[in-house]
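The values are calculated or read from the model by the stated rules, or taken from the named source; none is laboratory data. The structure presented is a predicted model; accordingly, all values stated were derived computationally and were not measured. Here the Cβ positions follow ideal geometry from the backbone for every residue, glycine too, while neighbour counts run over all protein chains shown. Ligands, DNA and RNA are stripped out before the accessible areas are found, and what is left, the full protein with its side chains, is counted by its heavy atoms. Shrake-Rupley method; radii C 1.70, N 1.55, O 1.52, S 1.80 Å.
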Amino acid sequence: MVEMETSLGIEQLHTYWACQCEPGSAAPLPQDVVKTLLAGLQLNVLETLRYLHHQRPSYAQFEAWVWERHGGELKEAALNRLRRALAGEAVGAEVGDLDRVEGLSADDLAHWDEHGYVILRNAISPEAAESTETAIYDFLGMDRDDPESWYRQSLGHSIWVPLLRHPTLVANRRAPRIHKAHAQLWGREDLWVTVDQVGFNPPERDNWRFPGPHLHWDATLAEPHCFELQGILYLADVAEDQGAFSCVPGFHRTLKQWLKSVPEGVTVHAHAARTLTMTPIAAKRGDMIIWHHLLPHGSSPNRAQRPRVVQYMSLRPTRFAYTEEWKS
Ligand SMILES: O=C(O)CCC(=O)C(=O)O
């Protein structure tokens with residue numbers, strides 16, 4: 001058994017570290033607790049796993065690394081909220097009282113029920129969206145108005161951009177309207193925001209073809225099918241042909257039945273690619289699309305004139321139902 005010395009005072013973080021760095025020394029945490037732990041400490045899942053597996057740090061080194069991610073600015077109040085939530089206490093919204101925040105309308109909620117996605121208009125202000133868009137161009141060393149610059153930087157052949165903690169990204173994660181809309185959909189306010197990367201999907205040209213993501217699920221298809229949300233924030237207007245987020249609306253209601261129609265010997269993904277058609281979702285600068293994780297979804301080729309620039313984020317409560325078995 002590994003001794004726990006801690007300055008953050010979060011027992012589950014020690015367990016998480018032990019499971020990654022000294023396998024077999026501790027019983028794994030439930031998946032929802034891991035997600036809450038990492039989101040509550042504002043850690044990105046991939047960067048954390050990479051650090052633990054490549055560096056094999058001591059627990060003290062791991063805690064020091066967690067502090068460094070935030071320039072030492074992990075606030076005691078935020079840590080306390082996380083400690084209390086992980087101990088099973090009720091906690092409120094991260095961004096304070098949501099009662100007077102305008103969220104999704106009755107029409108939005110009806111759209112959600114039918115289609116499994118909703119556009120949260122003005123999730124952040126157009127000004128905030130534009131500053132984030134600028135931060136992403138700066139990070140990439142590109143000029144918004146110089147198409148040649150959009151293809152200069154090598155990100156590998158990918159639309160993902162590993163920018164995680166620019167102050168504008170951090171501020172967007174705290175947007176009250178985003179927390180309110182997710183609280184309405186989850187039916188609770190004890191939500192934790194993921195620290196996800198951003199996206200840059202430039203117009204296709206001869207030496208740059210859309211690399212995906214094509215139609216996929218980020219959810220297990222094993223039953224029971226549980227509820228979870230995913231989200232994308234448009235940082236500039238996106239037209240349908242501009243690399244828009246795409247999904248199969250309403251599929252959360254028919255997935256179970258559809259799975260029965262997959263022919264013997266054919267994979268679910270091959271059958272989906274052959275038989276399902278995604279709808280591209282246009283929206284404005286500052287709008288957020290929130291979708292049910294059972295909707296097959298992906299991005300799409302950009303056949304317009306300007307790049308699509310986005311920030312990804314998901315909000316989840318402290319504890320939630322999930323299915324252990326992974327089936328794709
Ligand atoms: O970037 C997009 O439009 C799609 C994002 C996506 O596929 C995902 O977040 O899983």
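Name the aspartates and glutamates eligible as straight-distance cross-link partners of Lys327: C-alpha to C-alpha under 20 Å, and not fewer than 8 places from it in the same chain.
Once the sequence-local aspartates and glutamates are set aside, what remains near Lys327 is Asp32, Asp218, Glu223, Glu228, Glu264.
I'd like the accessible area for Asp206: 1.4 Å probe, protein heavy atoms, all chains in place, Å² to the nearest 10.
140 Å²
Could you tell me the distance between the Cα centroids of the stretch 287-308 and the stretch 1-74, to the nearest Å?
Result: 32 Å between the Cα centres.
With bins 5 Å wide starting at 0, give me the P(r) of the stretch 230-326 over every alpha carbon pair, in whole percents.
For the stretch 230-326, the binned pair fractions read 3, 11, 19, 20, 17, 14, 10, 5, 1 percent.
Filter the chymotrypsin sites (Phe, Trp or Tyr not before Pro) in the stretch 254-328 to those in DSSP coil with at most 13 other Cβ atoms within 10 Å of their Cβ, and list the result. Could the numbers behind the result be given before it?
Working: sites: Trp258, Trp291, Tyr312, Phe320, Tyr322, Trp326; in loops: Phe320, Tyr322, Trp326.
Passing both the DSSP loop test and the Cβ count: Trp326.
Accessible area, 1.4 Å probe, largest first: how do Ile281, Ile119 sort? Each step should come with its number before you reach the end.
On the way: Ile281 5, Ile119 30 Å².
Largest to smallest exposure gives the sequence Ile119, Ile281.
How would you classify the stretch 162-267 from its alpha-carbon gyration tensor, with a ≥ b ≥ c the square roots of the eigenvalues: rounded for a/c under 1.5, else prolate if a/b is greater than b/c, otherwise oblate? Could the numbers behind the result be given before it?
Values: a/c = 2.23, a/b = 1.14, b/c = 1.95.
Verdict is oblate for the stretch 162-267.
What percent does the relative contact order of the stretch 88-204 come to when contacts are Cα pairs within less than 8 Å and at least six residues apart?
Details: 102 pairs, mean separation 46.5, N = 117.
Once divided by the residue count of the stretch 88-204, the mean separation gives 40 percent.
Rounded to the nearest 20 debye, what is the charge dipole size of the stretch 40-168 about its Cα centre when +1 sits on each Lys and Arg Cβ and -1 on each Asp and Glu Cβ?
Computed charge dipole of the stretch 40-168: roughly 840 debye.
Divide by every residue of the chain the summed helix terms, -39500 (n - 2.57) for each DSSP H run of at least 4, and state the resulting mean residue ellipticity at 222 nm, rounded to the nearest 500 deg cm²/dmol. Walk me through the intermediate numbers first.
Details: 11 runs with 113 residues, N = 328.
Rounded to the nearest 500, the figure is -10000 deg cm²/dmol.
What spacing in nm lies between the two simple spin-label points modelled at Ala239 and Gln31, each 7 Å away from Cα in the Cβ direction?
Taking the two extended label points, one gets 4.0 nm.
Give me the percent relative contact order of the stretch 11-86, please, defined on Cα pairs under 8 angstrom at least 6 residues apart. Display every interim value, and only then the final one.
On the way: 43 pairs, mean separation 24.3, N = 76.
Result for the stretch 11-86 is 32 percent.
From the phi angles alone, apply the Karplus equation (6.51, -1.76, 1.60; θ = phi - 60°) to the stretch 221-230 and give each ³J(HN,Hα) in whole Hz, x where the residue is Gly or Pro.
Here the 3J(HN,Hα) series is 9, 5, 8, x, 7, 9, 8, 7, 10, 10 Hz.
Once the cut-off is 14 Å, how many percent of the Cα-Cα pairs in the stretch 11-86 end up in the long-distance tail?
Working: 1740 of 2850 pairs.
It works out to 61 percent of all Cα pairs.
Test of understanding: extend the Cα→C-beta vector of Phe227 to 7 Å, then name every residue of the stretch 115-133 with backbone N under 19 Å from that spot.
115-120
For the chain, go through all pairs of different Cα atoms, get the mean of 1/r, take its inverse, and jot down that Kirkwood value in Å. Show your work: numbers first, answer last.
Numbers: mean 1/r = 0.0473 Å⁻¹.
One over the average 1/r among Cα pairs gives 21.1 Å for the chain.
Under the definition of Cα pairs under 8 Å and six or more residues apart, what whole-number percent is the relative contact order of the chain? It would help to have the intermediate numbers written out before the result.
Values: 555 pairs, mean separation 78.8, N = 328.
Normalised by residue count, the contact order of the chain is 24 percent.
Roll a 1.4 Å probe over the protein chains and send me the accessible area per residue for the stretch 106-317 in Å².
Working: 8950 Å² over 212 residues.
Accessible area per residue, the stretch 106-317: 42 Å².
Going through the stretch 1-67, which GluC sites (Glu not before Pro) have at most 13 other Cβ atoms within 10 Å and a DSSP loop state? Walk me through the numbers before you get to the answer.
On the way: sites: Glu3, Glu5, Glu11, Glu47, Glu63; in loops: Glu3, Glu5.
Sparse-neighbourhood loop GluC sites (Glu not before Pro): Glu3, Glu5.
For the chain, which whole-number percentage of the solvent-accessible area (1.4 Å probe, protein heavy atoms only) is attributable to carbon and sulfur atoms? Before the final figure, lay out the partial values.
Values: 7740 of 15460 Å².
Roughly 50 percent, rounded to a whole number.
Measuring from centroid to centroid over Cα atoms, what is the spacing of the stretch 182-225 and the stretch 115-161 in Å?
Using only Cα atoms, the two centres lie 15 Å from each other.
How far apart, in nm, are two points set 7 Å out from the Cα along the Cα-to-Cβ line at Ala171 and at Ala90?
If labels sit at Ala171 and Ala90, their model points lie 3.4 nm apart.
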